[in-house]
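Trainee: Take this structure first; my questions come after.
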Amino acid sequence: MQAIQSMARKPVEHSQIYPYHICARTNNKEVYPAPMPTVFAIYLDTIQSLKSKYGTEFFNFVLMNNHFHMVVKTPDRNISESMQFFMNQTSKMIASASGRINRIYGGRYHWTIIKEPHHFAHAYKYVYQNPLRAGLVKCISKYPWSSIAEDQKHLRTMLSEIPEPYSIYFSERREENLAWLNQIGSDKWRDRIKKSLKRTTFKITRDRKSTKPMQLDDELQLQKVPGTFWTV
């Protein structure tokens, strides 16, 4: 009888240049076993530890009721070590806070490396729009468990400035970025970005009819041409 071989997990691509989208879900997609304020505080503490211990740079973070998203960069090329620490630390602390014996996460974190500036903008917007698309808020800055929330000034101080060339699609004004991030994109955009973030390298899939890459530049705003912004 022929043995069935399991598919090996693809090795993590370590980079000190390119950012990553990171996502992980709870076991069986259950809600976190501790209150959201407690869970969020645990993530904040661990983000601070990760920055000081591994030099990890954070560009955004959003906590949902059974998973989290974040975009990070590892100047020391240590994404594996830093994420192992992050997952182990948050798992232990959430379990301790809730008195839970079973595991917190359903598996390892998923990573997607992002190599193009417009891909970074798409991923960045997708992360922040999670609570908006879920119907939890009408403005992303009103969602309390996010690094862009009005009441999370302490977390925002932990965020790194978006570097060139990734910053080309962003404004220096928070109000302009918020206006763009609150614009609900098309279903086509959502589906394509979601699929792209399931890959290990961000890549927008081709149109099945034309076999050409999907053109989603209309979703990018604010700054298609450097120095040109649309009015809020």
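Laboratory data are not the source of any read-out in this text; all were calculated from the coordinates shown. Remember, predicted model here, so these are calculated numbers, not experimental data. Here the Cβ positions follow ideal geometry from the backbone for every residue, glycine too, while neighbour counts run over all protein chains shown.
Trainee: Nearest 0.05, what FRET efficiency do Ser98 and Lys153 give at R0 = 30 Å with Cβ-Cβ as r?
Mentor: 0.65
Trainee: Follow-up question, since we're still on this one. If you filter segment 72-108 for trypsin sites (Lys or Arg not before Pro), then keep DSSP loop positions with at most 15 other Cβ within 10 Å, what is left?
Mentor: Here the trypsin sites (Lys or Arg not before Pro) that fit, given the DSSP loop and packing criteria, are Arg77, Arg100, Arg103, Arg108.
Trainee: Can you say what percent of the DSSP beta bridges in segment 20-219, counting only those with both residues inside, are antiparallel? Round to 5.
Mentor: 90
Trainee: Provide the net charge surrounding Asp76, with neighbours chosen by a C-beta distance below 13 Å and charges set as Lys +1, Arg +1, Asp -1, Glu -1.
Mentor: +2
Trainee: A further question on this structure: Using a cut-off of 12 Å between beta-carbons, work out the net charge of the residues near Ile162 (Lys and Arg +1, Asp and Glu -1, Ile162 not included).
Mentor: Net of charged neighbours comes to -3.
Trainee: Additional query: Given Cα pairs under 8 Å that are at least 6 residues apart, what percent is the relative contact order of segment 20-219?
Mentor: Rounded, it is 24 percent for segment 20-219.
Trainee: Filter Lys115/Lys195; Lys51/Lys194; Lys29/Lys153; Lys29/Lys115 down to the pairs with a C-alpha to C-alpha distance above 19 Å, please.
Mentor: Violating the 19 Å limit, Cα to Cα: Lys51/Lys194; Lys29/Lys153; Lys29/Lys115.
Trainee: Just grab the label-to-label distance for Arg173 and Arg190, each label 7 Å out from Cα along the Cβ direction, in nm (one decimal).
Mentor: Result for the modelled spin labels: 2.9 nm.
Trainee: Modelled label-to-label distance, Gln183 and Asn66, 7 Å Cα→beta-carbon offset: nm?
Mentor: 3.3
Trainee: Now, a different point. Can you tally the net charge around Asn66? Count Lys and Arg as +1, Asp and Glu as -1, for every other residue whose Cβ sits under 10 Å from the Cβ of Asn66.
Mentor: Within the 10 Å Cβ shell, the charges total +1.
Trainee: Please give the charge dipole size of segment 20-219, origin at the Cα centre, charges +1 on K and R Cβ atoms and -1 on D and E Cβ atoms. Round to the nearest 20 debye.
Mentor: Dipole about the Cα centre, nearest 20: 880 debye.
Trainee: Can I ask one more? What nm distance separates the two modelled labels at Gln84 and Ala134, each placed 7 Å from Cα along Cα→Cβ?
Mentor: The answer from the label model is 3.0 nm.
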